[in-house]
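Scroll down for the structure; my scribbles are underneath it.
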Amino acid sequence: MKTTISKQLFAKAQRYIPGGVNSPVRAFRSVGGQPLFIKRAKGSRLYDVDGNSFIDYVLSWGPMILGHAPATVIKAIARAAANGTSYGAPTELEVRLAQMIAEALPSMQQVRLVSSGTEAVMSAVRLARGYTKRDGILKFEGCYHGHSDYLLAKAGSGLATLGIPDCPGVPADFTKHTLTAPYNDIKTVQRLIQMHHRNLACVIVEPVAGNMGVVPPGSDFLHALRELTQAHGILLIFDEVITGFRVGYGGAQGLYGVAPDLTCLGKIIGGGLPVGAYGGRKELMQMIAPAGPVYQAGTLSGNPLAVTAGIETLKRLKTPGFYKKLDKLSARLADGLGEAAKRAGVPLTQTRVGSMLGAFFTRGPVVDYASAKQSDTQRYAKFFHAMLDRGVYFAPSQFEAAFLSAAHTPADVEKTLLAARAAFKSV
Ligand code: HOZ
């Protein structure tokens with residue numbers, strides 16, 4: 001594979017940008033080698049600056065559920081751009097998107113749009129603290145909720161990828177309010193809540209963990225969290241930045257039938273443009289300024305281009321049979337990968353919720369961060385490069401998810417499986 005121009009760009013990037021990248025995981029550090037610089041993307045494909053093309057299973061870390069550059073969304077963005085790119089004033093578009101979100105996820109009676117998932121979570125936690133008048137947070141090891149200070153404790157995604165347990169620059173005074181428990185371990189949650197309930201504002205969880213690889217919730221985990229939090233006046237926050245509109249139109253809360261108090265959404269509701277949202281019961285959301293005293297603001301919140309892309313994306317997602325079709329293709333990919341690994345004698349534990357896929361190089365089971373970390377990451381790195389050489393782009397980290405889009409075809413999946421049969425033999 002020719003990578004001359006990517007290499008040149010990466011050398012230059014390192015002169016001006018720390019580590020040569022604007023977000024750590026994409027630097028390929030844990031898999032070795034150098035990141036590819038992308039020129040354009042269309043449908044299921046990424047095209048790099050050296051003329052290589054790849055079937056993309058990263059999809060901008062999830063949001064491109066329609067595939068890259070879907071015609072209807074791009075046309076709508078162009079139309080919106082002609083009317084101006086930012087006003088810092090209300091628009092009808094924002095009201096439409098908020099209504100679509102509230103109708104899709106009934107627990108979100110009111111919605112505040114922001115510009116990223118990190119911002120959504122940060123604001124939801126502030127609201128939980130303001131509402132309950134308590135400071136404590138309980139999060140789960142290996143879950144990632146963006147990069148705000150008090151949520152970096154034992155976090156997944158880039159921190160898991162780079163092996164950063166605690167982040168310098170985060171005052172101990174901030175993290176002292178953050179408790180952590182193993183994912184899927186309701187006994188530990190019970191114990192922590194018993195000890196700390198008077199100071200706990202919220203329990204925050206990815207209802208399907210997607211930042212330590214994909215780890216689905218155990219059969220009763222989310223229901224048990226709901227009951228325990230309710231019993232103690234603690235707010236339950238679902239971080240659906242990845243799962244919202246991904247595992248179903250109603251998100252993970254619709255899929256598992258558990259209504260949180262607050263929900264955070266991310267870039268999928270902007271069709272991949274920079275957007276986030278948080279929302280919940282009206283009574284809670286009325287605490288947010290200017291309705292109430294909990295302050296949160298942003299000029300780019302509800303940006304007309306992002307909101308337009310979001311509306312067009314959600315319209316497509318609502319079409320009957322959308323998720324069923326995606327699920328069927330995802331199942332074919334997962335089954336095929338499992339068969340290929342088995343045939344090559346490679347121990348692989350697979351996880352999947354709809355079009356979110358995980359694969360760990362361990363006999364498993366994988367139920368939490370400790371078991372996810374049992375994966376042979378060296379083997380993952382080899383697999384990643386063997387697939388990349390064959391034109392398939394998976395995440396450059398064991399601790400991220402793979403995603404499919406409506407633009408992926410059965411032929412893409414068969415091509416991927418052909419590559420995987422050869423790749424598994426070489427790891
Ligand atoms: N933390 C992101 C994935 N969960 C990766 C962000 C990026 O590198 O773009």
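The values are calculated or read from the model by the stated rules, or taken from the named source; none is laboratory data. All values reported here derive from a predicted model rather than from experimental measurement. So basically every Cβ, Gly included, is an ideal-geometry build from the backbone, and we count neighbours across all protein chains shown. For accessibility, only protein heavy atoms count, side chains too; no ligands or nucleic acids. Shrake-Rupley method; radii C 1.70, N 1.55, O 1.52, S 1.80 Å.
At a glance:
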| quantity | calculated |
| --- | --- |
| Test: Ser355 is within 20 Å of the chain's Cα centre (by Cα), touching a residue at least 24 places away in the same chain (Cβ under 8 Å), buried (at least 19 other Cβ atoms within 10 Å of the Cβ) and more than 16 Å from the ligand (Cβ to nearest atom) | no |
| Test: residue in the stretch 257-266 that is within 16 Å of the ligand (Cβ to nearest atom), among the acidic types (Asp, Glu) and buried (at least 20 other Cβ atoms within 10 Å of the Cβ) | no |
| From the options Pro70, Pro24, residue that is over 27 Å from Asp376 (Cβ atoms) and touching a residue at least 60 places away in the same chain (Cβ under 8 Å) | Pro70 |
| Positions within the stretch 302-332 being surrounded by 20 or more Cβ atoms within 10 Å (Cβ to Cβ) and either among the small types (Gly, Ala, Ser) or modelled with pLDDT under 95 (or both), in sequence order | Gly302, Ala306, Ala309, Gly310, Ser330 |
| Those helices (runs of 4 or more DSSP H) lying entirely in the stretch 201-320 with at least 1 residues over 18 Å from Met356 (Cβ atoms) and among the hydroxyl-bearing types (Ser, Thr, Tyr) | 221-231, 304-317 |
| Matching entry among Phe403, Phe424 (being open to solvent by less than 10 Å² (accessible area, probe 1.4 Å) and more than 25 Å from Gly250 (Cβ to Cβ)) | Phe424 |
| Conditions (1) open to solvent by less than 70 Å² (accessible area, probe 1.4 Å); (2) in a helix (DSSP H, G or I): number failed by Gln8 | (1) |
| Inter-residue pairs, beta-carbon under 6 Å, first within 16 Å of His408 (Cβ to Cβ) and in the stretch 36-53, second in a loop (DSSP other than H, G, I, E, B) and open to solvent by 20 Å² or more (accessible area, probe 1.4 Å), 6+ apart | Lys42/Ala69; Gly43/Ala407; Ser44/Ala407 |
| The stretch 30-66 - residue that is of a type in the set (Val, Ile, Thr) and within 16 Å of the ligand (Cβ to nearest atom) and, of those, most open to solvent (accessible area, probe 1.4 Å) | Ile38 |
| Residue within the stretch 123-139 that is within 21 Å of the chain's Cα centre (by Cα) and of a type in the set (S, T, N, Q) present | yes |
| Breaking point among (1) in contact with a Leu (Cβ under 9 Å, 6 or more places away or on another chain); (2) farther than 30 Å from Lys2 by Cβ, for Gly358 | (1) |
| Candidates Leu93, Leu127, filtered to the one that is touching a Ser or Thr at 6+ places or on another chain (Cβ under 7 Å) and at pLDDT 95 or above | Leu93 |
| Enumeration of residues in the stretch 120-130 that are surrounded by 24 or more Cβ atoms within 10 Å (Cβ to Cβ) and either under 15 Å from Glu240 (Cα atoms) or not small (Gly, Ala, Ser) (or both) | Ala120, Val121, Ser123, Ala124, Val125, Leu127 |
| Failed item in (1) open to solvent by 30 Å² or more (accessible area, probe 1.4 Å); (2) on the phi > 0 side of the Ramachandran plot, with Pro274 passing the rest | (2) |
| Some residue of the stretch 80-95 being open to solvent by less than 40 Å² (accessible area, probe 1.4 Å), within 14 Å of the ligand (Cβ to nearest atom) and not β-branched (Val, Ile, Thr) | no |
| Pairs with Cβ under 7 Å, 6+ apart, first in the stretch 251-278 and within 30 Å of Lys42 (Cα to Cα), second open to solvent by less than 10 Å² (accessible area, probe 1.4 Å) and of a type in the set (Phe, Trp, Tyr) | Gly251/Phe245; Ala252/Phe238; Cys264/Tyr278; Ile268/Phe245; Ile269/Phe245 |
| Of all residues making up the stretch 18-29, the number that are open to solvent by 20 Å² or more (accessible area, probe 1.4 Å) and either within 13 Å of the ligand (Cβ to nearest atom) or closer than 16 Å to Val58 by Cα (or both) | 7 |
| Of all residues making up the stretch 360-386, the number that are assigned to a helix (DSSP H, G or I) and surrounded by 22 or more Cβ atoms within 10 Å (Cβ to Cβ) | 5 |
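Matching residues to (1) surrounded by 18 or more Cβ atoms within 10 Å (Cβ to Cβ); (2) farther than 26 Å from Pro63 by Cβ; (3) without any contact (Cβ under 8 Å) to a residue 60 or more places away in the chain:
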{"site": "Ile164", "(1), (2), (3)": "no, no, yes"}
{"site": "Lys176", "(1), (2), (3)": "no, yes, yes"}
{"site": "Arg191", "(1), (2), (3)": "no, yes, yes"}
{"site": "Val208", "(1), (2), (3)": "yes, no, no"}
{"site": "Arg226", "(1), (2), (3)": "yes, yes, yes"}
